[in-house]
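Asks: There's a structure below that I have some questions on.
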Amino acid sequence: MQRWLVIPAYNEERALPRLLGRVAALGVVDGVLVVDDGSSDGTVACVEAWHDGPRAQVVRHGTNRGLGAAMRTALSAITAGPLADDDMVVTMDADDTHDPALIPRMCAAAVEADVVVASRYCPGGREFGLAWHRKVLSRAASAFLGLMRPVPGVRDYSCGFRAYRVRILREAVARYGADGLVTTDGFACMAEILLRLHRLGARCVEVPLELHYERKEGRSKMRIARTIRGYAQILRAVSPAEDILARQR
Ligand SMILES: Nc1nc2c(ncn2[C@@H]2O[C@H](COP(=O)(O)OP(=O)(O)O)[C@@H](O)[C@H]2O)c(=O)[nH]1
Ligand SMILES: [Mg+2]
């Protein structure tokens with residue numbers, strides 16, 4: 001079974017080399033796909049200069065289009081590529097706040113699941129160094145989605161660190177198209193992907209994540225108002241009515 005790592009990156013020249021170094025040292029993946037979203041710094045150069053790890057590919061957007069657009073590009077490329085249905089795709093942030101040492105445990109948990117969420121909110125999950133307003137926003141978003149669009153087995157709807165079985169991603173792209181799987185360009189895309197996979201019958205489980213936000217250099221790229229609007233959009237987009245309409249199409 002192969003494991004590929006997908007990293008959406010926007011101006012991450014400082015954190016990404018550190019993360020790639022840790023990935024190489026651990027030897028936990030067979031390949032890395034970085035989606036560079038119109039970075040104006042040396043993000044692409046640092047991936048191209050990385051030769052002491054697994055195979056690395058970069059897909060570039062000419063302009064900055066947002067995290068959702070990068071995930072759409074990544075999922076299109078991965079599902080159209082040579083990976084087998086049983087292989088795993090792991091997504092994680094480029095900012096070196098997620099620990100790649102968790103990847104084997106996430107892939108092991110996928111024995112009984114299609115999607116494994118590295119979760120700040122399940123027993124054993126923790127977060128360090130996060131500003132209080134970010135904690136409130138993330139927890140509120142997950143609590144709200146848990147009420148409005150519950151996904152059994154999941155408490156953390158927005159974390160970008162996840163493992164997916166390629167088969168379920170291919171089923172989702174076949175059903176919705178890549179554009180329909182991820183309709184929001186912003187950070188709410190992580191919740192949107194989860195809700196749509198759940199609608200397809202994906203089994204989801206969590207493993208505890210220690211988020212090390214104190215390692216983050218520079219500011220978060222999350223725009224709070226835009227993200228809240230994104231959640232409102234996906235609540236409308238991923239509705240029970242949409243499912244009925246999709247079956248009729
Ligand atoms: N492709 C793409 N990735 C982005 C964009 N903004 C942020 N990212 C990436 O998405 C991930 C999450 O962003 P980050 O700043 O770490 O958000 P936070 O951890 O929630 O504060 C990181 O890997 C970023 O490099 C964007 O506009 N496009
Ligand atoms: Mg991050």
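Asks: Among the strands (runs of 3 or more DSSP E) confined wholly to the stretch 138-238, which include 1 or more residues that are out of contact with any Ser or Thr (no Cβ under 9 Å at 6 or more places or on another chain), touching a residue at least 60 places away in the same chain (Cβ under 8 Å) and buried (at least 17 other Cβ atoms within 10 Å of the Cβ)?
Replies: Working: elements: 162-165, 204-208, 210-212.
Passing ranges, in order: 162-165, 204-208.
Asks: Condition first: more than 18 Å from the chain's Cα centre (by Cα) and either under 19 Å from residue 221 (Cβ atoms) or within 16 Å of ligand 1 (Cβ to nearest atom) (or both). Now tell me which residues in the stretch 91-133 satisfy that.
Replies: 126, 128, 129, 130, 131, 132, 133, listed by residue number.
Asks: I've got another one for you. Answer yes if at least one residue in the stretch 122-132 is among the hydrophobic types (A, V, I, L, M, F, W, C), within 13 Å of residue 193 (Cα to Cα) and in a helix (DSSP H, G or I), and no otherwise.
Replies: no
Asks: Could you count how many residues in the stretch 1-32 are closer than 23 Å to residue 165 by Cβ and more than 13 Å from ligand 2 (Cβ to nearest atom)?
Replies: Adding up the residues that qualify gives 14.
Asks: Can you report the number of residues in the stretch 160-197 which are closer than 17 Å to residue 228 by Cα and touching a helix residue (DSSP H, G or I) at 6+ places or on another chain (Cβ under 7 Å)?
Replies: Count: 13.
Asks: Okay, next question. Given the conditions (1) within 16 Å of ligand 2 (Cβ to nearest atom); (2) at pLDDT 95 or above, which single one is not true for residue 130?
Replies: The number of the failed condition is (2).
Asks: Also: From the list 69, 101, 84, 74, pick out the single residue that is exposed (fewer than 15 other Cβ atoms within 10 Å of the Cβ) and in a helix (DSSP H, G or I).
Replies: On the way: 69 fails: exposed (fewer than 15 other Cβ atoms within 10 Å of the Cβ); 84 fails: in a helix (DSSP H, G or I); 74 fails: exposed (fewer than 15 other Cβ atoms within 10 Å of the Cβ).
On inspection, the qualifying residue turns out to be 101.
Asks: May I pose another question? What residue, of 217, 210, is under 19 Å from residue 94 (Cβ atoms) and in contact with a strand residue (DSSP E or B) (Cβ under 6 Å, 6 or more places away or on another chain)?
Replies: 210
Asks: Right, something else. Quick check on this structure: which one of 114, 41 is modelled with pLDDT of 95 or more and under 22 Å from residue 209 (Cα atoms)?
Replies: Exactly one residue qualifies, and that residue is 114.
Asks: Would you mind finding the one in 89, 59, 116 that is more than 16 Å from ligand 2 (Cβ to nearest atom), surrounded by fewer than 22 Cβ atoms within 10 Å (Cβ to Cβ) and more than 19 Å from residue 227 (Cβ to Cβ)?
Replies: Exactly one of 89, 59, 116 is more than 16 Å from ligand 2 (Cβ to nearest atom), surrounded by fewer than 22 Cβ atoms within 10 Å (Cβ to Cβ) and more than 19 Å from residue 227 (Cβ to Cβ), namely 59.
Results for (1) closer than 24 Å to residue 102 by Cα; (2) within 18 Å of the chain's Cα centre (by Cα), shown as yes or no for each residue.
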position	(1), (2)
135	yes, no
139	yes, yes
157	yes, yes
183	no, yes
208	yes, yes
215	yes, no
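Asks: Filter the stretch 24-37 for residues that are in contact with a helix residue (DSSP H, G or I) (Cβ under 9 Å, 6 or more places away or on another chain) and either closer than 17 Å to residue 59 by Cβ or buried (at least 22 other Cβ atoms within 10 Å of the Cβ) (or both) and give the result.
Replies: 29, 32, 33, 34, 35, 36, 37
Asks: Further, regarding this structure: Quickly run through the stretch 26-51 and pick out the residues that are out of contact with any strand residue (DSSP E or B) (no Cβ under 8 Å at 6 or more places or on another chain), farther than 19 Å from residue 89 by Cα and part of a helix (DSSP H, G or I).
Replies: 45, 46
Asks: Another one. Among 211, 200, which is the only one that is away from ligand 1 (no atom under 14 Å from the Cβ) and not polar (S, T, N, Q)?
Replies: 200
The values are calculated or read from the model by the stated rules, or taken from the named source; none is laboratory data. Computed from a prediction, not measured in an experiment: that's the story for all the values here. Cβ sites come from the backbone with ideal geometry, for glycine too, and all protein chains shown count toward neighbours.
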